[in-house]
1. Which of the residues belonging to region B:139-169 are assigned to a loop (DSSP other than H, G, I, E, B), touching a Gly at 6+ places or on another chain (Cβ under 9 Å) and over 14 Å from B:A239 (Cβ atoms)?
2. Among the numbered criteria (1) more than 14 Å from chain A (Cβ to nearest Cβ); (2) outside any helix (DSSP H, G or I), which one does B:L99 miss?
3. Just the residues that are more than 12 Å from chain B (Cβ to nearest Cβ) and either over 17 Å from A:I219 (Cα atoms) or touching an Asp or Glu at 6+ places or on another chain (Cβ under 7 Å) (or both), please, taken from region A:244-281.
4. Taking the options A:G178, A:G156, name whichever one is in a loop (DSSP other than H, G, I, E, B), away from chain B (no Cβ under 14 Å), modelled with pLDDT of 85 or more and exposed (fewer than 14 other Cβ atoms within 10 Å of the Cβ).
5. Can you name every residue in region A:224-237 that is aliphatic (A, V, I, L, M) and either in contact with a strand residue (DSSP E or B) (Cβ under 7 Å, 6 or more places away or on another chain) or without any contact (Cβ under 8 Å) to a residue 24 or more places away in the chain (or both)?
6. When region B:316-338 is examined, which residues are found to be surrounded by 13 or more Cβ atoms within 10 Å (Cβ to Cβ), out of contact with any Leu (no Cβ under 8 Å at 6 or more places or on another chain) and among the aliphatic types (A, V, I, L, M)?
7. Out of all the residues in region B:102-129, which are surrounded by fewer than 24 Cβ atoms within 10 Å (Cβ to Cβ) and away from chain A (no Cβ under 14 Å)?
8. Which count do you get for residues in region A:102-116 that are more than 7 Å from every other protein chain (Cβ to nearest Cβ) and in a helix (DSSP H, G or I)?
Amino acid sequence: MGLLLQLLLTGIAIGCGYALLATGFVFIHRVTRVVNFAQGGFAVIAGFVTYSALAAGLPHGVSEVLAVLAAALVGLVVGVLIIGLRDTPPLAALIMTIGVGFCLWALEVAVWGDQPLQFEGLGGVFAVAGVSIQYQYALIVAVTAATFALLALFFGHSYLGKVFTACASNPYAARLAGIDVRRVGIIAFALGGGLGGLAGVLLLSLRSLTFDSDVDLSINGFAAAIFGGLQRPWLALVGGVVLGIFEQLIAGYSRASYQKAVSLFVILAILVWRAARRREQT
Amino acid sequence: MNAHLDQATSKATGRLTRVRSVGFWAVLLVGVASVAAPPFLDEGQQTIYVLFTLSVIASVGLSLLMGFAGQVSLGQGAFYALGAYTAGLLAKQGAPPPLALLAAPVGTGLIAAAIGLPVLRLRGHYLAFATLAFHLIVLTVIAEARPVTGGDLGLGGIPPLLPAPFATPLVYCYVGWLAAAFVILLTGNLVRSRPGRGLRALASSEVGAASSGVAVGPDKLKVFAISAAYAGLAGGIYAFFLSYLSPGSFPILLSIQFLVMATVGGMGLVWGAVAGAAIITLLLQLLQILASQPGLPETLPAILNYAVYGLVLVLAMLLLPQGILPTLRDRLSRRWPE
């Protein structure tokens, strides 16, 4: 029973991290229709910046904020490159984000080398109903909850948030209403970069950090985002948590090498089931 | 007025025929050059040539699926792997190699049809995710089915496709060439046929195609299976050529590379995928040569490799978002006034 509880709790926490990555996919896709496969790259850049900032003697907190800002800046540059210079068709844009991913690899290997690095998260453990959980997991859940609350406030109550929603639901009408859809898209990329960076700062202290960690992160983030149809952040949160829980359960009760395949299979099965049910209704 | 219109039309068709005839000569040239080239290449270059023909086969399949049927796949590499393991395992069990090679596309096509039944209910980005997940699942199955596939250690000792005197890289060059030519011809005829026109309609509007009598579901499934069968065929040749397989030879990046090849050359054109495969193969080889120069710092080759590959992808799509061949075709047809 103890093991089950521990796996569930860590699964929820890691799933929250995936959900943060997924929200990056969702916001960028909603406004620009671009599926951004550089999303994992934003997270890895943030991880490396955190590592360097901590190594340079900056305190925790400051380092992480710096890293998230750096990832947002990278997101901004990528946004300008992909949609800022001209209208790129979505498929071409997707290939461009893959190219950006390779460029980020080059940058990371050049600055930080190709050997795995490690940085400290929040140390220590606490006990819940007899099982010990690392503080880092609690931190991930808390930050994710706060981020989702802030995003809900932002989209529901701020002017810029409503501009985002307008661009997402009808870009043409938004342009008629005087909104610069392209600029909003670039801001979406910066926001997506920041969210990816946040996920990286939180998740990557739990695993070793290499330049190609982004493939795994991108796939998980994409899986969670697609659970919400690349449109709905709350469903993406559910998708991320499902993914995280299944990963942990399989790693705990079966073999860690199955965890990726089985958890993706679960998401896939739910998607197919949903599509089938929709078709029967129509 | 009418005469005016006729003149304009004949001018336009004249231009189009001219571009077509340029296309014809270009194809002839490529055909002759690619047949003549292999004997003049050294063994390393012949290996690259073989892998190039295999990339052509797989990316033409992907181009058929994406450009003509409008479905995105991030799992072409998985079908490549399935074809390779089908052929390799059968040949190791004692099946005659040519039969094992034939079984690769057939088996892969059947698997694709089986998974396509549920998965093709998804479309667009959902399908892209499904195929990506499928690739990861296939890799896990291959790595975990150790008694059958050899797991991560790999499957070695696959017999050659043809007996001893013909088991040279040169022969595989022509095997690859023949397979690629067959696939290109088949695809060309397929997209010009009535079902092919139905597919094109499907790519632009599923509802429109369905209401005009295109059997959307079955047609999509068939194209999905054919596209996978191409990848399976390429994988089968790969298995015999290398005589060793491991899951590490078929990473997610392979699927992405096929996607890049099909897109860079020009989606929706059979020859676009060929051009894309040629360009990406040459680029990767150039980078490889650059990286193997002696006296470079340890990580520099990797940095150069990623940076150039990444920049080329970004710039190519920024400058030629429709792909190289379609842009070239439009330029040509504008360049030639009557």
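1. Selection gives B:A145 alone.
2. B:L99 satisfies all of (1) more than 14 Å from chain A (Cβ to nearest Cβ); (2) outside any helix (DSSP H, G or I) except (2).
3. A:L249, A:A251, A:G252, A:Y253, A:Q281
4. Exactly one residue qualifies, and that residue is A:G178.
5. Here is the first cut: in region A:224-237, the residues aliphatic (A, V, I, L, M) are A:224-226, A:230, A:235-237.
Within region A:224-237, A:L235 is the sole residue that qualifies.
6. B:A316, B:M317, B:L320, B:I324, B:L328, B:L332
7. Those that are surrounded by fewer than 24 Cβ atoms within 10 Å (Cβ to Cβ) and away from chain A (no Cβ under 14 Å): B:L102, B:A103, B:V106, B:G107, B:L110, B:I111, B:A113.
8. Keep residues of region A:102-116 that are more than 7 Å from every other protein chain (Cβ to nearest Cβ), which gives A:104, A:107-108, A:111-112, A:115-116.
When the remaining residues are screened for being in a helix (DSSP H, G or I), the result is A:104, A:107-108, A:111-112.
So the count comes out to 5.
The values are calculated or read from the model by the stated rules, or taken from the named source; none is laboratory data. All values derive from a computational prediction rather than experimental measurement. All Cβ positions, glycine included, derive from the backbone under ideal geometry; neighbour counts span all protein chains shown.
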